[in-house]
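Just so it is clear, none of the values below were taken in a lab; they were calculated from the coordinates. Computed from a predicted model, the values in this text were never measured in an experiment. Here the Cβ is made from the backbone with ideal geometry for all residues, glycine too, and neighbour counts use every protein chain on show.
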Amino acid sequence: MPPWLQWTLIIAGLATIGCLVLFIRKQLNTINLHRRREEKASEFRLKRRQDMIDSIRVIALAVEEDQIEYSEACLRLKGLLDHVAPDLLDQSPFRVFQTVHEKLQHMPTHRARQATDSRFIEKLDKERFDVERAHTDEIRRAATAIRHHRFEGTD
């Protein structure tokens with residue numbers, strides 16, 4: 001084999017190796033970037049979950065200290081538990097959050113409430129207070145239980 005052909009093949013081989021090294025480096029950078037993004041997303045989800053658990057405990061404490069209307073607490077706790085531990089809503093004593101939510105979900109809130117006739121709001125408030133009175137003891141027990149509940153993957 002002539003020397004010029006040998007040198008041509010050596011140069012072609014080195015060029016191929018160089019291209020492969022660049023390709024491998026690019027793939028490694030892409031994999032590392034993807035891994036970092038996944039880690040950040042995972043950290044964000046964990047922090048968000050912990051923030052929701054903290055909110056659950058604060059609302060439960062507010063119920064225990066009569067600093068929040070029980071109906072509002074049940075609606076908020078049900079919403080948070082839907083994200084954190086939806087299976088708890090089917091278990092005693094936490095089932096009361098679901099029960100109260102089902103009885104009150106037809107009522108307007110926020111802007112819709114402001115736009116509704118005041119006499120109708122009074123009627124709805126009476127209904128809401130009746131629901132609260134009917135479930136007061138259950139709500140307080142459930143609030144105490146949820147405040148002390150150990151959620152999976154925390155604590």
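Among the trypsin sites (Lys or Arg not before Pro) in the range 120-155, those located in a DSSP loop and surrounded by at most 12 other Cβ atoms within 10 Å of their own Cβ are Arg150.
The range 104-155: which GluC sites (Glu not before Pro) are DSSP loop and have at most 14 other beta-carbon atoms within 10 angstrom? Answer in residue order: Glu152. Helix screen, the chain: DSSP H segments with Cα axial length of 18 Å or more and mean Kyte-Doolittle hydropathy at least -0.5 are 3-64, 70-84. From largest to smallest, the equivalent ellipsoid semi-axes obtained for the chain from the alpha-carbon gyration tensor read 63, 19, 11 Å.
Rounded to the nearest 20, the size of the Cβ-charge dipole of the chain about its Cα centre is 880 debye, with Lys and Arg at +1 and Asp and Glu at -1. Here the calculated FRET efficiency for Ser118 and Arg95, from their Cβ-Cβ distance with R0 = 41 Å, stands at 0.75, rounded to the nearest 0.05.
Would you be so kind as to identify which of Cys19, Ile121, Ile31 lies farthest towards the positive end of the dipole of the chain, taking Lys and Arg as +1 and Asp and Glu as -1 on Cβ and the Cα centre as origin? Going by the charge dipole, the pick is Cys19. Alpha carbon centre of the range 45-59 versus the range 80-103: separation in Å? Using only Cα atoms to place each centre, the spacing works out to 16 Å.
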